[in-house]
C-alpha cells in the first residue's frame, strides 16, 4: 500500500493506521450516537469487509442517524430510500426518459440515475415493499451494477446497502426471502439503550446544539483498507473451525448436533463460511492485529448466522432463537489452539 507521499508502507503499518482511524471514527460517532458500541463495531466490521447489513430494531433507536453520520465520517455520498408498498424498481435504479436535442430536433433516450447510485444506500424499512422491488437491489448488491434497457451501469465505489427492518409491525410487510437475506453479510440487532444512556440521549437531544462531524476517511482510503483486510492471513485451523461451525447447522449432515436437528429446519450455506472469515479478518484488523484467531470468528458468528439459520416450530414453541443456537454451536464446536495469545506467540 502506498501513502499520500508516494512512499511504500507495510501491511502492519497500514493495520495500525486503520486501527487509529477506527478509534477516531468511534469518537466522532460518539458525538451524535450514545451507546450502541456493539452495533457500531459490527457495522464498521462489515464495511471494511465489503459487506452489506440489515439493521433490525424498533423505531426511534437512531438507526438512520447512525448510518448518515457514518457516511459523513467517511466522506461518502449517502441516499435514503423509504420503502413503501407502491415503490417501483425504477424508483431505485433509475429510469430512461426521452429528451429532445434543441439544436438538431432529434429525440433520444437518456438514463436518469436513481438513488442506488451512492456510496451508502439506506434501504429504510425494506420489508415494506413487494418482492419485485426488493429484488431490484440484488444485482446492485452482488454485481455492483444495475441494468436498465439492456445497458449496464457501474455503481460508485465503495458501495454498501444498509437496510433497516421494524420487528414489531408485521401487518402489510413482505419478509425478505431467505435467498435475499443471504446477500447481507450481517444482520445486526439494535436494542434499547441502557438507563444511563437513555438519560444522556434525552439531555443531548432536548438542548440546543450544533455538531459537525470530522471526516476521518475518504472513499479511496476505504478501498485501500479493504484490500488490506483481504490480505490478512488465516491459519488453516481457523478456516476449519469457521467451516465446521457452519456445517454443523445443517440437519442433513452427520456432524450436526442433536439440538440442531431438534430446533433447525434449514441451515446456513457456504456464503456463511466466507463471511465468517472475512468478518474475522476485518475484526482482527480493527483490533490492530494482522492475523485471525478463533475469537474473531466467535465475535462475528451471531450477526453472520442469525439470519441464515431457519428455526422450526419446536424451537419457536420453546422460545429458542437462532442466536441461542449459534451460542450453543460456539460452545460445543471443538477449537484448535488458535487463540489470540497462541497466534501472538508464533509471530
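Numbers for the structure displayed
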{"quantity": "Residues located in the stretch 182-203, provided they are within 23 Å of residue 47 (Cβ to Cβ) and surrounded by 16 or more Cβ atoms within 10 Å (Cβ to Cβ)", "calculated": "182, 183, 184, 185, 186, 187, 188, 189, 190, 193"}
{"quantity": "Residue that is surrounded by 16 or more Cβ atoms within 10 Å (Cβ to Cβ), in contact (Cβ under 8 Å) with a residue 24 or more places away in the chain and not assigned by TED's automatic domain parsing to the domain that holds residue 61, where the choices are 226, 165", "calculated": "226"}
{"quantity": "Test: residue in the stretch 88-99 that is buried (at least 20 other Cβ atoms within 10 Å of the Cβ) and either in a loop (DSSP other than H, G, I, E, B) or on the phi > 0 side of the Ramachandran plot (or both)", "calculated": "no"}
{"quantity": "Residues of the stretch 72-87 that turn out to be surrounded by 20 or more Cβ atoms within 10 Å (Cβ to Cβ) and within 17 Å of residue 156 (Cα to Cα), as a count", "calculated": "3"}
{"quantity": "Evaluation of residue 221 against (1) in contact (Cβ under 8 Å) with a residue 24 or more places away in the chain; (2) in contact with a strand residue (DSSP E or B) (Cβ under 9 Å, 6 or more places away or on another chain); (3) surrounded by 15 or more Cβ atoms within 10 Å (Cβ to Cβ) (one fails), failing number", "calculated": "(2)"}
{"quantity": "Sole exception among (1) assigned to a helix (DSSP H, G or I); (2) farther than 25 Å from residue 138 by Cα; (3) at pLDDT below 85 for residue 33, by number", "calculated": "(1)"}
{"quantity": "Spans of helices (runs of 4 or more DSSP H) in the stretch 289-347 with at least 1 residues touching a strand residue (DSSP E or B) at 6+ places or on another chain (Cβ under 9 Å) and modelled with pLDDT of 90 or more", "calculated": "294-305, 313-318, 322-332"}
{"quantity": "Selection status of residue 242, surrounded by 17 or more Cβ atoms within 10 Å (Cβ to Cβ), closer than 30 Å to residue 313 by Cα and out of contact with any strand residue (DSSP E or B) (no Cβ under 6 Å at 6 or more places or on another chain)", "calculated": "yes"}
{"quantity": "Enumeration of residues in the stretch 119-140 that are surrounded by fewer than 21 Cβ atoms within 10 Å (Cβ to Cβ), in a helix (DSSP H, G or I) and either touching a strand residue (DSSP E or B) at 6+ places or on another chain (Cβ under 7 Å) or not assigned by TED's automatic domain parsing to the domain that holds residue 159 (or both)", "calculated": "139"}
{"quantity": "Given (1) over 19 Å from residue 119 (Cα atoms); (2) out of contact with any helix residue (DSSP H, G or I) (no Cβ under 9 Å at 6 or more places or on another chain); (3) surrounded by 18 or more Cβ atoms within 10 Å (Cβ to Cβ), index of the condition residue 58 fails", "calculated": "(3)"}
{"quantity": "Counted residues, the stretch 286-323 - those being more than 24 Å from residue 228 (Cα to Cα) and surrounded by fewer than 17 Cβ atoms within 10 Å (Cβ to Cβ)", "calculated": "10"}
{"quantity": "Contacts under 8 angstrom Cβ, first residue in the stretch 51-79 being touching a residue at least 24 places away in the same chain (Cβ under 8 Å) and outside the structural domain of residue 160 (by TED's automatic domain parsing), partner in a strand (DSSP E or B) and crowded, with 20+ Cβ neighbours inside 10 Å, 6 or more apart", "calculated": "none"}
{"quantity": "Count - residues of the stretch 252-265 that are surrounded by fewer than 19 Cβ atoms within 10 Å (Cβ to Cβ) and within 27 Å of the chain's Cα centre (by Cα)", "calculated": "1"}
{"quantity": "Set 268, 272: member being surrounded by 16 or more Cβ atoms within 10 Å (Cβ to Cβ), in contact with a helix residue (DSSP H, G or I) (Cβ under 6 Å, 6 or more places away or on another chain) and not in a loop (DSSP other than H, G, I, E, B)", "calculated": "272"}
{"quantity": "Residue within the stretch 56-63 that is assigned to a strand (DSSP E or B) and within 30 Å of residue 285 (Cα to Cα) present", "calculated": "yes"}
{"quantity": "Residue ID - farthest from the chain's Cα centre (by Cα), chosen from residues in the stretch 100-118 that are assigned to a loop (DSSP other than H, G, I, E, B) and surrounded by 10 or more Cβ atoms within 10 Å (Cβ to Cβ)", "calculated": "114"}
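The values are calculated or read from the model by the stated rules, or taken from the named source; none is laboratory data. All values derive from a computational prediction rather than experimental measurement. Every residue, glycine as well, gets a Cβ built from its backbone with ideal geometry; the counts of neighbours run over all protein chains shown.
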